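Below you'll find the structure, written out as structure tokens, and then a few comments.
Throughout, read-outs are computed from the coordinates displayed, never taken from laboratory work. Note that the coordinates shown come from a computational prediction; the quantities given were computed from them, not determined experimentally. For neighbour counting, all protein chains shown are included, and Cβ atoms are generated from backbone atoms with ideal geometry for every residue, glycine included.
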Amino acid sequence: MTQRGSGRSTISFEDAQRRIVESCAPLGTERVALRDAAGRIAAATLNAREDLVPFARSAMDGFAMCAADLIDLPREFPVRARVYAELGSAEHSPQTATAIATGAPIPRGADTVLPIEDVETSDGVVRILRSVEAGSCIFPPGEDARAGDELIESGAVLRPSALGLLASDGYSEVEVFRKPRVVVVCTGDELVPIDAAPAYGQIRNSNAFMTTAAVEALGAKVVAASMIGDERAKLRHALEEAIGSADLVVTTGGASVGERDFVKPLLKKLGVEFLFDTVALRPAKPSAFGRRAAAAGAAPVHVAVLPGNPSSAFIALQEFVRPALFALGGRRDPLPSTHPARLDGRIRAKPNSTYACYAQIRLRDGSLVARPLDNQCSALTRSASEADGFILAPPGTETFTTGAIVSVDIFDWTYVGR
Ligand code: AMP
Ligand code: MG
């Protein structure tokens, strides 16, 4: 769906996201040591190399026995042997009990474990009070996985628990997707470094910090960041250099149609073709996304153009840079997912655009509740900092009030790669 006006083509929010993930293909792979793999994306499906665990184990500290011996209870049995995990295999004699530790292999001849809490012990004998089913308190071999079972799907984030699983199967290295290399270019004559004292009218370059941190939290690597005034020649040089050393260039500022907004025309001159150059998303409408084709065999370079206003820039980071980095980084399902939530407040849809409304999102009485934050002005940085996510309202004239079911996109910074 495109809307035309003033020579530009504005596409819907959903189309914009779809075009981004269609254009961004995974960048290639590398092998990393397992201990460096947290937060990385598996580049191949990883199968179990052996049964996990390959022997039957006791689930409890207690006594290994034959279930068939557990008759005429209560009754005492002599404790003939002991097995601990490190002792390996042992033999169990009928009509006796073998003391066993949690995790130790079940001795040959035993088929049941009685937890120590359920028996009485004294001087080398154990008194069994009640019978239990054969097989009680035993983990059978291969209970976690059988050799050949799928452990990790290609494209999955390697969470700490996945590292534990792979470690248990002896994987010391894994094939992961290469991290996208990102160059951040913040533009604007008014910008000063954050440690400078801004003169009247000047603004600290806060977008550089927000963008760099977000990009790295999304699993990519910022290889360079620059701050450039609204001057064509310098900006062109900075953009050219950025395109030469990145998989994805992220710019902020100068994205609109003002007299000093040079970013899009300069990128076009540098050979960037835009997948869209404005998008029906409020308040991040000037956001654009493009690609520059590469020489045969090389990957194209992508460019995300973000508005300068911090709150709009953050929306564009979440909704356009995030799926781009996930797709370039090989993640399964790179498109952001949304969830239904109950609205606690009031929002008005925008007639021709999807509306991204900063919200506090909480779980209450078993469902998500989204409360729009008070100040949604695109020039502010505070709403982005306080929000847990966005309410995404489809284009229209509707007003949503408390209790309405809305769609929310929750920020997820859980798996920050190194
Ligand atoms: P622009 O999109 O270039 O028209 O910028 C709009 C407004 O966003 C500027 O007037 C600044 O107040 C603010 N802004 C632009 N770039 C940055 C930045 N890097 N950091 C913080 N604020 C910015
Ligand atoms: Mg500007």
Under 5 Å from the placed amide H of Phe289, counting only residues 5+ away or on other chains, we find Leu275, Phe276, Val305
Long-range share for the chain, i.e. C-alpha pairs more than 38 Å apart as a percent of all pairs, stands at 42 percent
So the pair-distance distribution of region 57-139, from every Cα-Cα distance in 5 Å bins, comes to percents of 3, 19, 32, 28, 15, 3, 0
For region 159-167, in residue order, the Karplus 3J(HN,Hα) values (coefficients 6.51, -1.76, 1.60; θ = phi - 60°; whole Hz; Gly and Pro = x) are 6, x, 5, 5, 4, x, 4, 5, 4
Those trypsin sites (Lys or Arg not before Pro) from region 96-151 that are DSSP loop and have at most 15 other Cβ neighbours within 10 Å turn out to be Arg130, Arg146
Semi-axes (Å, rounded, descending) of the ellipsoid equivalent to region 6-159 per its C-alpha gyration tensor are 55, 17, 12
Relative contact order in percent for region 173-216 (Cα pairs under 8 Å, 6+ apart) equals 34 percent
Mean Cβ-within-10 Å packing, highest first, puts peptides 370-380, 239-249 in the order 239-249, 370-380
Diffing region 105-118: the Karplus 3J(HN,Hα) column from phi (6.51, -1.76, 1.60, θ = phi - 60°), in whole Hz with x for Gly and Pro, holds x, 5, x, 4, x, 9, 9, 8, 10, 9, x, 4, 5, 9
With Cα springs under 10 Å, the Gaussian network model of the chain assigns the largest mean-square fluctuation among Thr96, Thr187, Thr402 to Thr96
Check: C-alpha center region 41-102 vs C-alpha center region 221-243, spacing in Å is 65 Å
Any residue on another chain or 5+ positions along whose placed amide H is under 5 Å from the amide H of Phe63 is listed here as Ile100, Leu114, Ile116
Surpassing 28 Å at the alpha-carbon level, of the pairs Lys221/Lys264; Lys234/Lys350; Lys179/Lys268; Lys264/Lys350; Lys221/Lys350, are Lys234/Lys350; Lys221/Lys350
Relative contact order of region 339-410 (C-alpha contacts under 8 Å, at least 6 apart) in percent is 48 percent
The distance between the Cα centres of region 272-349 and region 245-264, in whole Å, is 14 Å
When Phe289, Phe411, Phe209 are arranged by how many other beta-carbons sit within 10 Å of their Cβ, fewest first, they go Phe209, Phe411, Phe289
Magnitude of the Cβ-charge dipole (Lys and Arg +1, Asp and Glu -1) of region 339-410 about the Cα centre, nearest 20 debye, reported as 120 debye
Rounded to the nearest whole number, the Stokes-Einstein translational diffusion coefficient of region 339-410 at 20 °C and 1.002 mPa s (Kirkwood radius, C-alpha pairs) in µm²/s is 178 µm²/s
Note: region 191-268 at 10 °C, 1.306 mPa s; Kirkwood Rh on alpha carbon pairs; Stokes-Einstein D in µm²/s works out to 116 µm²/s
Residues Leu363, Leu218 in order from fewest to most other beta-carbon atoms within 10 Å are Leu363, Leu218
For 160-170, 14-24, ranked highest to lowest by mean beta-carbon neighbours within 10 Å, the order is 14-24, 160-170
Listed by chain and number, the residues whose amide H is under 5 Å from that of Val185, excluding neighbours fewer than 5 places away on the same chain and using placed H, are Ser226, Val250, Thr251, Thr252
Sorted on mean Cβ neighbours within 10 Å (highest first), peptides 136-143, 291-298 come out as 136-143, 291-298
Karplus ³J(HN,Hα) for region 276-285 (6.51 cos²θ - 1.76 cosθ + 1.60, θ = phi - 60°; Hz, whole; x = Gly/Pro) runs 7, 10, 8, 9, 7, 9, 9, x, 10, 3
For Lys285, counting only aspartates and glutamates whose alpha-carbon sits under 17 Å away and dropping same-chain residues fewer than eight positions off, the answer is Glu14, Asp15, Asp261, Asp277, Glu319
Once normalised by the length of the chain, the mean sequence separation of its alpha carbon contacts under 8 Å that are 6 or more apart gives a contact order in percent of 17 percent
